[in-house]
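> Take this structure first; my questions come after.
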Amino acid sequence: MSTLNAAQLLELAPVIPVVVIEDADRAVALARALVAGGLPVIEVTLRTPAALRAISAIADQVPDAVIGAGTVNNPVLVRRAVAAGAQFLISPGSTDALLDAMDASGLPYLPGAATASEVLRLIEREHPAMKFFPAEASGGHAVLRSLAAPLPEARFCPTGGITLASAPIYLALPNVGCIGGTWITPLDAIELGDWTRIEGLARQAASLRH
């Protein structure tokens, strides 16, 4: 996946599962369930001590998965995610230091933006593919629809507060390539090892492709 770019990343699947994992030993089974359900692109958020080990395990043992690191919010985490085997990076926002580090990583990445000014800044840096976060709290699909006409080159992966019910509204927008969602990997299902349930949720989400 070394030749993958950010624009292509947005088109691989309609939904990127946003995964918070507490036990790295469950990562491989979780990833296999998501891939089996039709969602090969997986974002493991760097919010827990297990996250980097989970990324490494998935990268080593689930070749059909495209595994990325989310909540990448400083250059140190960029380096750690690369070392763990992440194939893409996602950040909640954008600073010059963070963008420089993600550029230097050589990996495709989706930097976070929530306002027109932030979107313009990323376009100026020749990075029109980005994450819209936090989506619902920042005005949701209405804001993205409003940005489409003045900023047609921007392409988004909105994440934050999106549900199965609201997902189709986002995916119908011309400037949305995919969405990020946590509903596909509920914490109780991960803790119970209910991979059948997660595969079913993934299959349902994969069917949303527009």
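The values are calculated or read from the model by the stated rules, or taken from the named source; none is laboratory data. Given the structure is predicted, the values throughout are model-derived calculations rather than measurements. No Cβ is skipped: glycine too gets one built from the backbone with ideal geometry, and neighbour counts run over all protein chains shown. Side chains are part of the model used for accessible areas, which takes the heavy atoms of the whole protein and leaves out ligands, DNA and RNA. Shrake-Rupley method; radii C 1.70, N 1.55, O 1.52, S 1.80 Å.
> Say we look at the stretch 98-129 and pick out the residues that are hydroxyl-bearing (Ser, Thr, Tyr) and free of Cβ contacts under 8 Å to residues at least 24 places away in the same chain; which of these is most open to solvent (accessible area, probe 1.4 Å)?
Among those residues, the one meeting the criterion is SER117.
> With the checklist (1) surrounded by 17 or more Cβ atoms within 10 Å (Cβ to Cβ); (2) in contact (Cβ under 8 Å) with a residue 60 or more places away in the chain; (3) not in a loop (DSSP other than H, G, I, E, B) in hand, flag the one item THR196 doesn't pass.
All conditions pass for THR196, except number (1).
> Among the residues of the stretch 130-160, which ones are assigned to a loop (DSSP other than H, G, I, E, B), among the small types (Gly, Ala, Ser) and either more than 28 Å from LEU107 (Cα to Cα) or open to solvent by 60 Å² or more (accessible area, probe 1.4 Å) (or both)?
Answer for the stretch 130-160, where residues must be assigned to a loop (DSSP other than H, G, I, E, B), among the small types (Gly, Ala, Ser) and either more than 28 Å from LEU107 (Cα to Cα) or open to solvent by 60 Å² or more (accessible area, probe 1.4 Å) (or both): ALA137, GLY139, ALA149.
> Name the residues in the stretch 85-97 that are surrounded by fewer than 22 Cβ atoms within 10 Å (Cβ to Cβ), touching a residue at least 24 places away in the same chain (Cβ under 8 Å) and either assigned to a helix (DSSP H, G or I) or out of contact with any helix residue (DSSP H, G or I) (no Cβ under 7 Å at 6 or more places or on another chain) (or both), would you?
PRO92, GLY93
> A follow-up question, please. Can you run down the residue pairs with Cβ atoms below 9 Å, 6 or more apart or on separate chains, where the first is in the stretch 164-187 and under 18 Å from GLU153 (Cα atoms) and the partner is part of a strand (DSSP E or B) and among the basic types (Lys, Arg)?
Close Cβ pairs satisfying both conditions: ASN175/ARG155; VAL176/ARG155; GLY177/ARG155.
> Follow-up. Can you tell me how many residues within the stretch 1-49 are among the acidic types (Asp, Glu), closer than 22 Å to GLN204 by Cβ and assigned to a loop (DSSP other than H, G, I, E, B)? Outline the logic, then answer.
Initially, the stretch 1-49 is screened for residues among the acidic types (Asp, Glu), giving 11, 22-23, 25, 43.
Filter again for closer than 22 Å to GLN204 by Cβ, leaving 11, 43.
Those left that are additionally assigned to a loop (DSSP other than H, G, I, E, B): 11.
The number of residues fulfilling the criteria is 1.
> Same structure again: Report the residue count in the stretch 7-17 for those that are open to solvent by 10 Å² or more (accessible area, probe 1.4 Å) and either hydrophobic (A, V, I, L, M, F, W, C) or in contact with a helix residue (DSSP H, G or I) (Cβ under 8 Å, 6 or more places away or on another chain) (or both).
Step one: filter the stretch 7-17 for residues open to solvent by 10 Å² or more (accessible area, probe 1.4 Å), giving 7-8, 11-12.
Then drop every residue that is not either hydrophobic (A, V, I, L, M, F, W, C) or in contact with a helix residue (DSSP H, G or I) (Cβ under 8 Å, 6 or more places away or on another chain) (or both), which leaves 7, 12.
Result for the stretch 7-17: 2.
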